[in-house]
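Only the coordinates and a few stated rules stand behind these numbers; no lab work does. As the structure is a computational prediction, the values presented were derived from the model and not from experiment. Neighbour counts are summed over all protein chains in view; Cβ atoms, including those assigned to glycine, are modelled from backbone coordinates with ideal geometry.
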Amino acid sequence: MTTHLFSPLKIRGVEFANRVWVSPMCQYSAVDGVPGAWHQVHLGSFATGGTGLIIAEATGVVAEGRISIGCPGLYNDAQVAAWKVITDFAHQMGTKIGIQLAHAGRKGGTTVPGSDHFMATKEEGGWIADAPSAIAFEGYPEPHALTVAEIKKLVEEFANAATRAIAAGFDVLEIHAAHGYLLHEFYSPLSNTRTDEYGGSFENRTRFLKEVVTAVRNVMPETMPLFVRISASDWTEGGWTIEESVQLAPELLALGVDLIDASSGGNVHNAKITPGPGYQVQFADAIKNQGGISSSSVGMITDPVQAEEIVASGKADAVMMGREFLRNPRWPLHAAKVLGQEVHWPAQLIRAK
Ligand SMILES: Cc1cc2nc3c(=O)[nH]c(=O)nc-3n(C[C@H](O)[C@H](O)[C@H](O)COP(=O)(O)O)c2cc1C
């Protein structure tokens, strides 16, 4: 029997073996933006565990685009070489791997978890964060409002990082436009009060994201899939809405985006979110079935039957899971058993099957 969850999905030239994917997760363990042994083991463990796609964590397109001083980047050759070790291993395991290209905006420049202070000092490698407007996120310092010339430069930096990601061997690129980071800060009216062509109307607030998508797609091979993670709702009155996400979907599709990874929230500290099992499925569903683009769902998906239902019912083309993969990096092998699905196990693990 073939379940929906374990049926292959082809996007452009890439075939994903199944539809249960690892969601990008910051590890705060890079040195000078270079991923190391932790990342090899962390991402490598998923590669041995039967997932159809791993998306590596938010990775700064410039040093000042990282979330913390321990986040990785793709702004120099040493980083490309370090990522290549990771993609090579995933490919040896027959697992597809993508990376999330990111700019943290006003939520950037922090220390790593466990530090005795939150914002990294200049001596530690910290920086003054960039944002659409000089409006601080709760608990963070006031950011620098980007000039138009600086925005244009960042569009180029996203494309440069995409070129490096391709050289590093990634199969998929995902643009991080969610969770209150720079691209989300632009399209959400809660953090963007600009009066130029990058603020105000829906068209203006989404301009930066669309310019980034266009520039990134331009350097990508035709056969390579491009995903965008958005926060489909700010969960806040006066903020970005699911209706706007549905409106954005066909526009991104027309620019060469293949799938919207539908997350939510993160741009204001007091958003009224009521998390529960599959609480964001509604967003993937609306984006796919009203917006007309493939989608993935993420957020409190932990159970094989639940994951199967999301895909089988046509609410999303794939599911991503974060914390459940931290608990059990080989979740798909177990889920397949629960669902009565035969799947490939790496030879090294076969005695545990
Ligand atoms: C440790 C950790 C790090 C995360 N880092 C990222 C990230 O780099 N990029 C991102 O888009 N989401 C990030 N997230 C959010 C997850 O990708 C996911 O959307 C969220 O955890 C909800 O899914 P879950 O309930 O399956 O964990 C992170 C979550 C966790 C737990």
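On a C-alpha basis, how far is the centre of the stretch 1-74 from the centre of the stretch 274-326 in Å? Whole number, if you could?
18
Dipole magnitude of the chain about its Cα centre, charges +1 at Lys/Arg Cβ and -1 at Asp/Glu Cβ only, in debye to the nearest 20? Provide the component values of the computation, followed by the final result.
Numbers: 27 positive and 37 negative charges, 183 e Å.
Charge dipole of the chain: 880 debye, to the nearest 20.
If we sort 54-61, 266-273, 146-153 on the protection proxy, mean other Cβ atoms within 10 Å, highest first, what's the order? Working shown, then result.
Values: 54-61: 27.5, 266-273: 16.0, 146-153: 13.8.
Most protected by this proxy first, the peptides run 54-61, 266-273, 146-153.
What's the exposure ranking of 210, 337, 288, going from fewest to most Cβ atoms within 10 Å? Each step should come with its number before you reach the end.
On the way: 210 19, 337 13, 288 23.
Going from least to most buried by this count: 337, 210, 288.
Rounded to the nearest 5, what % of DSSP beta bridges with both residues in the chain are antiparallel? Display every interim value, and only then the final one.
On the way: 5 of 42 bridges.
Here the antiparallel bridges make up roughly 10 percent for the chain.
Over 30 Å between Cα atoms: which of 96/272; 210/337; 107/272; 122/210; 10/153; 210/315 fall into that group? Working shown, then result.
Working: 96/272 35 Å; 210/337 42 Å; 107/272 20 Å; 122/210 32 Å; 10/153 34 Å; 210/315 25 Å.
Distance filter (> 30 Å) returns 96/272; 210/337; 122/210; 10/153.
Only four residue types carry charge here, +1 at the Cβ of Lys and Arg and -1 at the Cβ of Asp and Glu. Report the dipole size of the stretch 232-353 about the Cα centre in Debye, rounded to the nearest 20. Working shown, then result.
On the way: 9 positive and 14 negative charges, 156 e Å.
For this selection, approximately 740 debye.
Going by C-beta contacts inside 10 Å, put 320, 1, 224, 93 in order with the fewest on the left. Show your work: numbers first, answer last.
Numbers: 320 27, 1 7, 224 21, 93 18.
Placing the least packed residue first, the sequence is 1, 93, 224, 320.
Quick check on packing: order 114-126, 76-88 by the mean number of other C-beta atoms within 10 Å, highest mean leading. Each step should come with its number before you reach the end.
Details: 114-126: 12.4, 76-88: 17.3.
Ranked from most to least packed, the peptides come out as 76-88, 114-126.
Using a cut-off of 12 Å between beta-carbons, work out the net charge of the residues near residue 13 (Lys and Arg +1, Asp and Glu -1, residue 13 not included). Don't skip to the answer; put the middle values down first.
Working: positive: 10, 12, 96; negative: 15, 171, 222, 258.
Combined, the nearby Lys, Arg, Asp and Glu give -1.
Using +1 on the beta carbon of Lys and Arg, -1 on that of Asp and Glu, and nothing else charged, what's the dipole of the stretch 87-132 about the Cα centre, debye to 20? Can you show the working numbers first?
On the way: 4 positive and 5 negative charges, 47 e Å.
For the stretch 87-132, the charge dipole is close to 220 debye.
Evaluate the relative contact order of the stretch 9-352 (contact order divided by residue number), counting alpha-carbon pairs under 8 angstrom at least 6 apart; express in whole percent. Working shown, then result.
Numbers: 775 pairs, mean separation 56.4, N = 344.
It comes to 16 percent, rounded to a whole number.
Could you order peptides 4-11, 133-140 by the average number of other Cβ atoms within 10 Å of their residues, highest first?
Numbers: 4-11: 17.5, 133-140: 14.4.
With the highest mean Cβ count within 10 Å placed first, the list reads 4-11, 133-140.
Helix 242-254 versus the longest principal axis of the chain: what is the Cα-based angle in degrees, 0 to 90, to the nearest 10?
The helix 242-254 is inclined about 80 degrees to the chain.
For the chain, take the longest principal axis of its alpha carbons; what is the angle in degrees between that and the long axis of helix 148-167, to the nearest 10 within 0 to 90?
For 148-167 against the chain, the angle is about 20 degrees.
Helix 37-47 versus the longest principal axis of the chain: what angle, 0 to 90°, nearest 10, using Cα atoms?
Between helix and principal axis, roughly 50 degrees.
With unit charges on the beta carbons (Lys and Arg positive, Asp and Glu negative) and the dipole taken about the Cα centre of the stretch 9-352, which residue among 160, 183, 282 sits farthest to the positive side?
About the Cα centre, the residue reaching furthest to the positive side is 282.
Using the Cα centre of the chain as origin and beta-carbon charges of +1 (Lys, Arg) and -1 (Asp, Glu), tell me which of 291, 83, 253 is placed farthest towards the positive end of the dipole.
Value computed over the given set: 83.
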